[in-house]
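Quick notes on the structure that follows.
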């Protein structure tokens, strides 16, 4: 196996039929949108600000947001860029994004319902951006991002995420001491970097960190962590959560690290 194929395996790309993937994201759309509106908004602003500081994003930039979801990043990018093209497979995600577009009175966001890589004629953009998007986890997807972007490619990937409930579950051996997941997996970032390097680019990585609190009922916490960890039984989770609850509520302090990997596409790579 060659080097680039080895790292592609580490990306753990989704092999499910596209119809199944679409249905899954449609079902998750309401929860994602609720978290976007009520949860921490630190990264929503910190990522565009970082890219402005690096000279990647400017007021004249045109940006493609791949797997844009309900607009977590598309909205703040549209407030500083010339235009944003938001692409997502889920019509439900795009429906929630439309609500955000109207709420912020934005006229410079165009939406396309499509998988990535896309067969749609969407044109070329200064920047191709993706945050926590499973559709970018392949050599082909990264090549297409670089081909579509005339200046820069950018991917955001969580490398670490823990919280009070997770630490309690690990302490009681209900979950692994180092549980891998989409928000806690350094291997994915390593794979992105090495694939881009093998394709001839010179990727750079910056790190952003956030700490915030989420208040949950016991029932909400059990349901959340039962869905996250298939191997754990609901009753096991409930017993652990009962040891840290106070008056039926969990004050769940979260710690996250987001890696922002960027690469210059112009005149580089194997496009």
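Just so you know, all these numbers are worked out from the coordinates, no wet-lab data involved. Here the structure is a predicted model, which is why all the values come from computation and not from measurement. Every residue, glycine as well, gets a Cβ built from its backbone with ideal geometry; the counts of neighbours run over all protein chains shown.
Find the centroid of the Cα atoms in the range 62-139 and in the range 169-246, then give the distance between the two in whole Å. Cα centroid to Cα centroid, the span is 25 Å. Both the radius of gyration and Dmax for the range 5-44 are 14.6, 40 Å, in that order, over alpha-carbon atoms. Taking the DSSP bridge list for the chain and keeping only pairs wholly inside it, about 55 percent are antiparallel. Note: the range 148-215, Cα convex hull, 121 Å³ per residue.
In plain terms, the residue of 176, 210, 126 with the fewest other Cβ atoms within 10 Å comes first and the most crowded comes last, giving 176, 210, 126. The angle between the Cα long axis of helix 42-53 and the longest principal axis of the Cα atoms of the chain comes to about 30 degrees, rounded to the nearest 10. Treating the range 1-136 as a set of equal point scatterers at the Cα positions, no solvent, please give the Debye-formula log₁₀ I(q)/I(0) at q = 0.11, 0.12, 0.18 Å⁻¹. Computed log10 I(q)/I(0) values: -0.41, -0.49, -1.06. Which value at 222 nm does the chain reach when only helices count, each DSSP H run of 4 or more adding -39,500 (n - 2.57), with the total divided by all residues and rounded to the nearest 500 deg cm²/dmol? One gets -12500 deg cm²/dmol as the mean residue ellipticity at 222 nm. Applying D = kT/(6 pi eta Rh) to the chain, where Rh is the Kirkwood radius over alpha-carbon pairs, T corresponds to 20 °C and eta to 1.002 mPa s, the Stokes-Einstein value obtained is 109 µm²/s. Here the Gaussian network model covers the chain, with springs between Cα atoms less than 10 Å apart; of 64, 196, 106, 106 fluctuates the most.
Each Cα pair under 8 Å and six or more residues apart adds its sequence gap; the mean of these over the residue count of the range 157-249 is a relative contact order of 31 percent. The angle separating the long axis of helix 91-103 from the principal Cα axis of greatest extent in the chain is about 80 degrees. A convex hull fitted to the Cα coordinates of the range 144-268 yields 116 cubic angstrom per residue.
Once a ≥ b ≥ c are taken as the square roots of the eigenvalues of the Cα gyration tensor of the range 205-252, is the result rounded (a/c under 1.5), prolate (a/b larger than b/c) or oblate (a/b not larger than b/c)?
Because a/c hits 1.5 or more and a/b fails to exceed b/c, the range 205-252 counts as oblate.
Once the Cα atoms are used to define both axes, helix 139-148 deviates from the longest principal axis of the chain by about 50 degrees. So the label point goes 7 Å from the Cα of residue 219 along Cα→C-beta, right? Which residues of the range 17-37 then have their backbone N under 18 Å from it? Within reach of a label on residue 219, which here means backbone N under 18 Å from a point 7 Å along Cα→Cβ, the range 17-37 contributes 31.
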